[in-house]
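Input: a single structure, listed below in structure tokens.
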Amino acid sequence: MHCDINDFSIILKNAKNTLNKAKITNAKKEVDWFLEYIFNRPLYELKNNKTTQITKKHLKQFNEFINRRASGEPFQYIINNSTFYGYNFIVNRHTLIPRPESELIIDVVKKYDFFKEALDVGTGSGNLAITLSLEKTISEIDAIDISNSALKIAIKNKRKLQAKNVIFFHQNIFKKLPEKKYDLIVSNPPYISKNEYEKLDDQVKNYEPQISLTDNKDGLSFYRFFAQGLSKILKPKGKVILEIGLEKHKKKIQELFINNNYKYKWHKDLNRNYRVIELWQ
């Protein structure tokens, strides 16, 4: 079964209507992106090439995508891919989808010349650790996570992107601190409170790993632990760079570190929200 790209336009229109009815706010772009994914070609090439053949396999893939997306499954999980800092990472439902806001951590690190030894706490898909390696900002980085399933994906991303100096460990930092000290510690910890988690959009709550989103308490568990424990694994003049969630937690997080003799500096994301706190002693 084949149809040309012009006949396919009717199917595209119906697909976009389906996603709009499902309240997918970026429906048109997502349909276009998925077409590029299926054909592995830019959309303008598909539109300009009148001889493009749409096979039965293409239609099956496309209809499956529309059905899954209309049910609320995130686009990135359907194609098992998410872009972070210009790199394509494998993701699935065991890993948090990397957000553009987290790229600010990389930008902050790159303001400094170089770090010899770094640690990424709660690495997930490995996006922070691997990007720091690829951007040549560190000599070597240890990356830890409590989830073996997430670490399997992180290791796949390391191989895919050929990051040579990243080592992944299965470790619960609350139960065991690393046995060495680092020049740089980064983390995008679970910062959503239990109450806030219950109010999340279904596209997040029903698909992304709960353990990566919330501490099932007030959202500050990791910051309390970091404020009290990171000094044991941070070298003199070392840097700690952490992402935060809601700005209403900003003052509490700031006070936690001040009370443990940290100096700090805030960094805003592209939306002018306080997103990253940079710390040193």
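The values are calculated or read from the model by the stated rules, or taken from the named source; none is laboratory data. All of these numbers come straight from a predicted model, not from anything done at the bench. Virtual Cβ from ideal backbone geometry, glycine too; neighbours counted across all protein chains shown. These area figures cover heavy atoms from the full protein model, side chains too; ligands, DNA and RNA do not enter into them. Shrake-Rupley method; radii C 1.70, N 1.55, O 1.52, S 1.80 Å.
Below are the figures for this structure:
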item: So Phe115, is it in contact (Cβ under 8 Å) with a residue 60 or more places away in the chain and of a type in the set (A, V, I, L, M, F, W, C); result: yes
item: Exclusive hit being within 30 Å of Ile155 (Cα to Cα), touching a strand residue (DSSP E or B) at 6+ places or on another chain (Cβ under 8 Å) and either modelled with pLDDT of 95 or more or open to solvent by 40 Å² or more (accessible area, probe 1.4 Å) (or both), set Gln53, Gln76; result: Gln76
item: Residue under evaluation Ile144, criteria (1) in contact with a Leu (Cβ under 8 Å, 6 or more places away or on another chain); (2) surrounded by fewer than 20 Cβ atoms within 10 Å (Cβ to Cβ), criterion not met; result: (2)
item: Filtered residue count, segment 206-225, keeping only those that are over 15 Å from the mean Cα position of the chain (by Cα) and open to solvent by 50 Å² or more (accessible area, probe 1.4 Å); result: 5
item: Tally, over segment 97-121, of residues that are surrounded by fewer than 21 Cβ atoms within 10 Å (Cβ to Cβ) and assigned to a strand (DSSP E or B); result: 2
item: Any hit, segment 148-161, residues being farther than 18 Å from Glu278 by Cα, crowded, with 17+ Cβ neighbours inside 10 Å, over 15 Å from the mean Cα position of the chain (by Cα) and among the hydrophobic types (A, V, I, L, M, F, W, C); result: yes
item: Restricting segment 162-177 to residues that are part of a loop (DSSP other than H, G, I, E, B) and of a type outside the set (D, E, K, R), the residue that is most open to solvent (accessible area, probe 1.4 Å); result: Gln162
item: Some residue of segment 226-242 being under 29 Å from Lys23 (Cα atoms) and open to solvent by 30 Å² or more (accessible area, probe 1.4 Å); result: no
